[in-house]
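The values are calculated or read from the model by the stated rules, or taken from the named source; none is laboratory data. Only a predicted model underlies this, so the values are computations on that prediction, with no experimental measurement involved. All Cβ positions, even for glycine, are placed from backbone atoms using ideal geometry, and neighbour counts span all protein chains on display. Ligands, DNA and RNA are excluded from the accessible area calculation, which covers all protein heavy atoms including side chains. Shrake-Rupley method; radii C 1.70, N 1.55, O 1.52, S 1.80 Å.
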Amino acid sequence: MSTANKKVMVVGGGIAGLTAAWELSQLDIDVELIEKTCFLGGYAIQFCCKATDECVTCGACSAEDMLCNVVNEPKIKVHLATEVEKINKNGKLSASLKKSSPQTDTAEGGVAKGYSKNNSPLLVVVDKSSCKKIPDGAVEFDDIELQNKIDDIDAVVLASGFTPFNAEIKGTYGYNKFNNLVTGLDLEHIIRKNGKVVRPSDGKEPKAVAFIQCVGSRDENLGNLWCSQVCCPYALRMAEQTKYKNPDTDITIFYMDIQNAGKNFPVFYEKCKSDMRFVRNIPVDLYPIKDDKLEMRYMNDDDGLSVKEVFDMVVLSIGIMPGSDNVELSELLDINLNQDGFFACKDKFNRTSTSKDGIFIAGTVQGPKTIAASMAHATQAAGEVMKYLGVSK
Ligand code: SF4
Ligand code: SF4
């Protein structure tokens, strides 16, 4: 069957949504890409390259490449700062759209890439009231034209992503109270801005940095029992990057287990072991001391005694949580969530289709994934859409 006049709505403009949109467009499908924030690329586009002497396959550049593909593809229509309000089914699907609340706090990633309304289609929207510097060519939130409705949708790919764990919930660590306590995402922004790791308090290079793993994941007290899978390789790449850019910095990783991530990971892990210290223990709490340093306390497994160590900077490896809109989207699309709050797949052999025909899932809406795994999942989702539409590649 021909793909002429077939239309798919992709909800979410992160790496999975971009990949699904791109794959479908290459099969001559018209794609309507809905993104509620003011820029495309999600979290992946905010990550820095973590290459040291060689590429460490972090996948960050794949997000940039895919973003460029999508914005130059006329078969894909992008709707920024837009949310789906209602889905109607009368024969084909139709979607009512609404303007989302302006969310400009993470727009720096998109802006930093230099995209603007001069590209086609529009890529950066800013809210004047909360944006200190309006980038050249960006469009103000109040001026964007909203398309109210999309008709004749043949299928939907839901790729609305995840929410990073809110580190403030781990009250004993004191995130947002102590200057030099940051999350992995904060550290990405620090490296992007400064070209190396510096302390937020004074802009100096830290001499001792600790990474705390499993913040928000594998935590019975929080009811978050799942492993986020990406934060081990992610933290180790960040740690190696720190060591590469700041060779005099001592790094300590506090962990429960190190999650294996792919075929090259064991070799990389061995290198990390020679470059930094690993302590199999999750710290209890942190206190600020003189010079904005942080004193960390953990219980020694051998004798049960409390151990104290001082660091110039501490990085929290926050986990992947279900998207903040998941409940709303599951009701809107009439599809199920699993027990952890991610979207449930129809069966374990088909991890992109849902309980509803014509609605597919891609990327971290289904559960924690790396950039590469999200892209693979989105490609698989596009393939399932084609099968559903009765067209062959
Ligand atoms: S995969 Fe990551 S480390 Fe390798 S070149 Fe791309 S951004 Fe840099
Ligand atoms: S990937 Fe590592 S840091 Fe993340 S939850 Fe799993 S074990 Fe913990």
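Counting only C-alpha contacts under 8 Å and six or more residues apart, can you give the relative contact order of region 165-319 as a whole percent?
Dividing the mean separation by the residue count of region 165-319 yields 33 percent.
Using the basic label-point model (7 angstrom from Cα toward the beta carbon), what is the residue 347 to residue 300 distance in nanometres?
5.5
Of 36/196; 273/369; 36/263; 6/36; 86/193; 75/263, which ones are farther than 29 Å apart at the Cα?
Result: 36/196; 36/263; 86/193; 75/263 exceed 29 Å.
Could you give log10 I(q)/I(0) at q = 0.18 Å⁻¹ for region 1-65, computed by the Debye formula over C-alpha point scatterers of equal weight, without solvent?
-0.70
How many times 2.2 N^0.38 Å is the alpha carbon radius of gyration of the chain?
That works out to 1.02 for the chain.
Hey, in the GNM for the chain with a 10 angstrom Cα cutoff, which one of 370, 172, 57 fluctuates hardest?
172
Which translational diffusion coefficient, to the nearest whole µm²/s, is obtained for region 234-393 from the Stokes-Einstein equation, given a Kirkwood hydrodynamic radius over C-alpha pairs, 20 °C and 1.002 mPa s? Please report the intermediate quantities before stating the final value.
Values: Rh = 19.3 Å.
Approximately 111 µm²/s, per Stokes-Einstein.
Take every Cα-Cα pair in region 165-319 and report what % of them are more than 26 Å apart.
That fraction is 21 percent.
Could you check how much of the accessible area of region 165-319 is carbon and sulfur, as a whole percent, using a 1.4 Å probe?
Its accessible area is 48 percent carbon and sulfur atoms.
Determine which aspartates and glutamates satisfy two conditions relative to residue 177: a Cα distance under 16 Å, and not lying fewer than 8 residues away in the same chain.
168, 186, 202, 285, 291, 292, 295, 312
Return the loop-located trypsin sites (Lys or Arg not before Pro) in region 211-318 (DSSP other than H, G, I, E, B) with at most 10 other Cβ atoms within 10 Å of their own Cβ; answer none if there are none.
Loop-located and lightly packed - 263.
Mind checking the angle between helix 231-245 and the chain's longest principal axis? C-alpha axes, 0 to 90 degrees, to the nearest 10.
It is inclined by approximately 60 degrees.
List the residues, sorted by chain then number, that are 5 or more residues from residue 299 or on another chain and whose placed amide H is less than 5 Å from its amide H.
284, 307
What residues qualify as long-range amide H neighbours of residue 58, i.e. H under 5 Å apart, gap of 5 or more or another chain, H built at 1.01 Å from N?
Residues meeting the criterion, in which the H sits 1.01 Å from N, are 50.
For residue 324 and residue 277, calculate 0.36 nm times their separation in residues minus their Cα-Cα distance, and state this gained length in nm to one decimal.
13.4 nm
How large is the accessible surface per residue of the chain, computed with a 1.4 Å probe and reported in Å² as a whole number?
Dividing the accessible area of the chain by its residue count gives 46 Å².
Rounded to the nearest 500, what is the chain's calculated 222 nm mean residue ellipticity when only DSSP H runs of at least 4 contribute -39500 (n - 2.57) each, over all residues?
It lands at -7000 deg cm²/dmol.
Hey, if we sort 225, 40 by accessible area with the 1.4 Å probe, largest down, what's the order?
On the way: 225 120, 40 5 Å².
I get 225, 40, largest accessible area first.
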